[in-house]
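Here the structure is laid out as structure tokens; the discussion comes afterwards.
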Amino acid sequence: MSRNLEFEIFRYNPQEKDSVPHMQKFILDETVNMTLFIALNRLREEQDPGLIFDFCCRAGICGACAMVVNGRPRLACQTKTKDLPDKITLLPLPVFKLIGDLSVDTGVWFREMYQSTESWIHTKKVFDPKAQEERMDNDVAEQIYELERCIECGCCVSACGTARMRDDFLGAAALNRIARFVVDPRDQRSDKDYFEIIGNDEGIFGCMGLLACEDVCPKNLPLQNQLGFLRRKMGITAIKEIFGK
Amino acid sequence: MQTYYSDLLVIGAGLAGERVAVESAQKGFDVICLSIVPARRSHSSAAQGGMQAALGNCAKGEGDNCDIHFGDTVRGSDWGCDQEVARLFADNAPIEMRRLAHWGVPWNRVVPGKSFYFKGGEKFEKVEKEENEGLITARSFGGTAKWRTCYTSDGTGHAVMCTMDNRCAELGINVFDRKEAISLIHDGDTCMGAVVRCLRTGELEVYLSKATAICTGGFGRIYKATTNAVICDGGGHIIAHETGVVPIGNPESIQFHPTGIVPTDILVTEGCRGDGGTLLDVNEERFMNIYEPEKAELASRDVVSRWMTHHMRQGKGVKSAYGEHLWLDIRHLGDKHISTKLREVDEICHHFLGIDPRKQLIPVRPTQHYTMAGIRTNKDGAVYGLKGLFSAGEAACWDMHGFNRLGGNSLAETVVAGGIIGGKIVEFLEGYETRFKTSVVSEAVKKQQERIDNLISGRNGTENVYAVRAELQEALMKGCFVFRNGPDLEECVETLKGVLEKSRKVGLVSSGAGANFELGSALKLEGQVRLGLCIATGALNRTESRGSHNREDFPARNDRDWLNRTLAYWPEGADEPDLKYEETTPYFELPPGDRGYGGGSIIEADKTEIEAKTIKR
Ligand SMILES: Cc1cc2nc3c(=O)[nH]c(=O)nc-3n(C[C@H](O)[C@H](O)[C@H](O)COP(=O)(O)OP(=O)(O)OC[C@H]3O[C@@H](n4cnc5c(N)ncnc54)[C@H](O)[C@@H]3O)c2cc1C
Ligand code: SF4
Ligand code: SF4
Ligand code: FES
């Protein structure tokens, strides 16, 4: 029953003088309920302590462990080896800067995204510690949360043709972020404000709509709907702009 | 060498760290936050259940107030907490939840009208009032008198973490990820910052600051079975502890959660039981209602963990390749509930077990979950022993949890404590001037560089990092888990002393270059073993059972001799901790009494002493 798994893993440590990018083969016996988290840790502890990869929660909630598994960006911790053939190829996510082996720098990318989308509630209201909270419709709260479920794993960005071609493209995660604030009544930005951020080729009009992003999103975020929603909204805003309304 | 200056250096960018940072930045201070991973990946985002605050908006929370929350917290702590701190916490929690709403957290809200809920597998009806429509609602959690756990679906930690991190971005706080603090810079009196290893390049950097706050979360990873993320490895505790002047408070106080899934120990939320899930044994029969007729599955976690272990010892466990376990049953909650309110659980079952919780039972067992143990601070968050050093969140023993932390009280603590302690840091910084002694700084860096060189060259020896770490983890599982007793603890201490020796003789197999993980693990190994020794020695000394610390050979809670807090120091060059004790609390608002659950007898403290310390509010 037990298989021998053959891993082909991308190796390159930019901080090591003699390191050159190459693929390295590892053999590992499969165990019951094995995930790539278990497999990679065993490889590091038993075969090559220098292997670089990222895990944090190991439970599919933090987004640290995205990598390209047999050609598809996904979370390594929630990938069971029994769902894979006995040859497994692991590559780091494209688009993001490589740190070493399977580890890429999503942190800096997303931090820049917060700045460019101004990822926070814009309001003139001041918090009053003595007052009761402002009311909100529960449906609205749940709608916001639906869009806030993004774990910034970067899968959508690395699957996106536009993002691979132009590094100023905001990407689906950023457009989803904007949508999160658009539906939030606490954010007082107008459509025109949002248009300034995403009403261009780096934003909503650069997207080719092929939806690789939604296909790979491990949280099943409704990226397609959000892109459509924003494109319609921004289309209308663009028309208003042109006719000076 | 890259050197950074700031007014405040926050080590750790989870909820506690970022909340501290926000408070100081709002007052105009220059703040730098460091984190091993991008802030949002911090373990805070893993919390699914929710956070407690006595808002009293929902039907089952009606009549709730800060006093009741305070009482639950003190009882939950088994009178091991600092009551002044518990009071500060309970009073501020509602304000802090509202503030989070203002900043952008999409809290679930009260929906008026009739709805159903489950308790112990039975269906009940409740009616939410029209007038409360749209206010922050709450769910039920273990160990609380009222429904007071605020939540956002099944992703409270994630949602709050996003909002807090957004707030940091808005305030322009520098949050640097892939930076790991590996030692404090101090002269024995004052803390001046930290030596940090960049996890992109492997290079050492220096961060100098007037105030430093350690907010690095828990250290569950020194146990083999834990719900904690892989970065919860005690880094912050270690750098404070190894100064020799900072004690770890109540090291023996470690919480175990009843429902880690088998085999990976990923947590399924207490919400499962809160919403009406039940625990079943090998015969698929309920048992918690036998041991705890009133609270059953909703008794506090240490109690549930213990009865589970007990029940398995009675031969009622389910045998598996990974050892024995029990079942968690949420089938009766139905598809809609599971796919919305418990979606994360649904996903965990699907992704990690390959089962459908609507139709199948979930294999669970008690697992290390939370460290009440931590860097000892006073009620202002100031760390004992070093001026300018603060700590907040799970890393700290601010001590509102005593010997057992209530579900939902920890996430709430991160933001409440972060706010209060952030404010105290602001007070400290105002008008404070300091000098950074260059000799102290260069000495600190040199020491770390030497350690790294020695590990890479194998000068100290060739012990394998991962093998030594496994020995530590196994020793703790064996001697310092849910049940403890004298002989096992003695053996554990002896084993760990041997492991400590080995940890000093570690050498790397790999080159150690760049973002190398083996080097990072090696750098904190000895410190981890020291933490393990603090737990084991603290537990061996404490000859009573209180909260999560359960001695089979001393089943009574002994207020006469043990109404105190352990302080574990590690003097420089020592091979074992130096244990001291201090009073648990400056006063009692709630004098020691029965916890109301968990049974066990109490050896009472001297009545006049208690009365003298009791105050009225
Ligand atoms: C699975 C799970 C579910 C939970 N659910 C709940 C719940 O529903 N309700 C509740 O109240 N509590 C819950 N808890 C507990 C609660 O989540 C934690 O106690 C709390 O989030 C800790 O927050 P923190 O800010 O103190 O630390 P963390 O969020 O753990 O943050 C620690 C930070 O420190 C950084 N760090 C660590 N070491 C270093 C170093 N050496 N140098 C630099 N940075 C460092 C990390 O990168 C991270 O940014 C849960 C815990 C777990 C494990
Ligand atoms: S739909 Fe747009 S954002 Fe998504 S992958 Fe295609 S181009 Fe990228
Ligand atoms: S939108 Fe989905 S795929 Fe993209 S970063 Fe967020 S969770 Fe990952
Ligand atoms: S490690 Fe957190 S999502 Fe995989």
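The values are calculated or read from the model by the stated rules, or taken from the named source; none is laboratory data. Because the structure is predicted, anything quoted here is derived from the model rather than measured. Please note: Cβ atoms are built from the backbone with ideal geometry, for glycine as well, and neighbour counts cover all protein chains shown.
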Candidate set from the range B:561-579 (those that are out of contact with any Pro (no Cβ under 7 Å at 6 or more places or on another chain) and assigned to a strand (DSSP E or B)); member that is nearest to B:Gly374 (Cα to Cα): B:Arg565
Exclusive hit being away from ligand 3 (no atom under 16 Å from the Cβ), within 9 Å of another protein chain (Cβ to nearest Cβ) and either part of a helix (DSSP H, G or I) or under 30 Å from A:Gln78 (Cα atoms) (or both), set A:Glu133, A:Glu142: A:Glu142
Failed item, numbered, when B:Lys146 is tested on (1) surrounded by fewer than 24 Cβ atoms within 10 Å (Cβ to Cβ); (2) within 14 Å of chain A (Cβ to nearest Cβ); (3) under 25 Å from B:Glu413 (Cα atoms): (2)
Count of residues meeting criterion [in a helix (DSSP H, G or I), of a type outside the set (Gly, Ala, Ser) and touching a helix residue (DSSP H, G or I) at 6+ places or on another chain (Cβ under 8 Å)] in the range B:1-42: 8
Residue match in the range A:224-235 (condition: within 10 Å of ligand 3 (Cβ to nearest atom), surrounded by 20 or more Cβ atoms within 10 Å (Cβ to Cβ), in contact (Cβ under 8 Å) with a residue 60 or more places away in the chain and within 30 Å of B:Ser42 (Cβ to Cβ)): yes
Some residue of the range B:6-16 being out of contact with any Lys or Arg (no Cβ under 9 Å at 6 or more places or on another chain), in contact (Cβ under 8 Å) with a residue 60 or more places away in the chain, within 14 Å of chain A (Cβ to nearest Cβ) and not hydrophobic (A, V, I, L, M, F, W, C): yes
Any chance A:Leu90 is crowded, with 21+ Cβ neighbours inside 10 Å and more than 8 Å from chain B (Cβ to nearest Cβ): yes
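Determine, yes or no, whether B:Pro363 is farther than 26 Å from B:His549 by Cα and touching a residue at least 24 places away in the same chain (Cβ under 8 Å).
When the stated conditions are applied, B:Pro363 does not pass them.
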Residue that is buried (at least 16 other Cβ atoms within 10 Å of the Cβ) and touching a strand residue (DSSP E or B) at 6+ places or on another chain (Cβ under 8 Å), where the choices are B:Arg484, B:Arg469: B:Arg484
Of all residues making up the range B:343-376, the number that are within 14 Å of another protein chain (Cβ to nearest Cβ) and either in a loop (DSSP other than H, G, I, E, B) or farther than 30 Å from B:Arg565 by Cα (or both): 15
Selection count where residues are within 11 Å of ligand 2 (Cβ to nearest atom) and either outside any loop (DSSP other than H, G, I, E, B) or modelled with pLDDT of 80 or more (or both), scope the range A:197-220: 7
Output for the range A:66-82, where each listed residue is in contact (Cβ under 8 Å) with a residue 24 or more places away in the chain, more than 10 Å from chain B (Cβ to nearest Cβ) and not β-branched (Val, Ile, Thr): A:Ala66, A:Met67, A:Arg72, A:Pro73, A:Arg74, A:Ala76
Test: A:Phe195 is touching a residue at least 40 places away in the same chain (Cβ under 8 Å), within 13 Å of chain B (Cβ to nearest Cβ) and over 30 Å from B:Ala515 (Cβ atoms): no
Residue within the range B:149-159 that is closer than 26 Å to B:Cys33 by Cβ, away from ligand 4 (no atom under 16 Å from the Cβ) and away from chain A (no Cβ under 14 Å) present: no
Among residues of the range B:83-120, those that are in contact with a helix residue (DSSP H, G or I) (Cβ under 9 Å, 6 or more places away or on another chain) and away from chain A (no Cβ under 14 Å), counted: 11
Which numbered condition A:Glu152 misses (of (1) within 13 Å of chain B (Cβ to nearest Cβ); (2) under 22 Å from A:Gly60 (Cα atoms); (3) more than 16 Å from ligand 1 (Cβ to nearest atom)): (3)
Exclusive hit being without any contact (Cβ under 8 Å) to a residue 24 or more places away in the chain and in contact with an Asp or Glu (Cβ under 8 Å, 6 or more places away or on another chain), set A:Pro49, A:Pro85: A:Pro49
Every residue from the range A:24-63 that is within 16 Å of ligand 3 (Cβ to nearest atom) and in contact with a Lys or Arg (Cβ under 7 Å, 6 or more places away or on another chain): A:Cys56, A:Cys62, A:Gly63
Residues of the range A:148-166 that turn out to be among the β-branched types (Val, Ile, Thr) and near ligand 2 (Cβ under 10 Å from one of its atoms), as a count: 2
Scope the range B:499-522; condition among the hydrophobic types (A, V, I, L, M, F, W, C), within 14 Å of chain A (Cβ to nearest Cβ) and under 22 Å from B:Gly236 (Cα atoms); matching residues: B:Val506, B:Ala515, B:Phe517, B:Leu519, B:Ala522
Residue list for the range A:112-130, restricted to those being farther than 16 Å from A:Ile197 by Cβ and either more than 9 Å from every other protein chain (Cβ to nearest Cβ) or not acidic (Asp, Glu) (or both): A:Thr123, A:Lys124, A:Lys125, A:Val126, A:Phe127, A:Pro129, A:Lys130
Matching residues, the range B:3-43, being closer than 13 Å to B:Val196 by Cα and of a type in the set (Gly, Ala, Ser): B:Gly12, B:Ser35
Residues of the range B:532-560 that turn out to be surrounded by fewer than 23 Cβ atoms within 10 Å (Cβ to Cβ) and part of a strand (DSSP E or B), as a count: 2
Unmet criterion (only one of (1) within 16 Å of ligand 1 (Cβ to nearest atom); (2) hydrophobic (A, V, I, L, M, F, W, C); (3) assigned to a loop (DSSP other than H, G, I, E, B)) for A:Ile52: (1)
Residue within the range A:155-165 that is within 16 Å of ligand 3 (Cβ to nearest atom) and closer than 25 Å to B:Asn57 by Cβ present: no
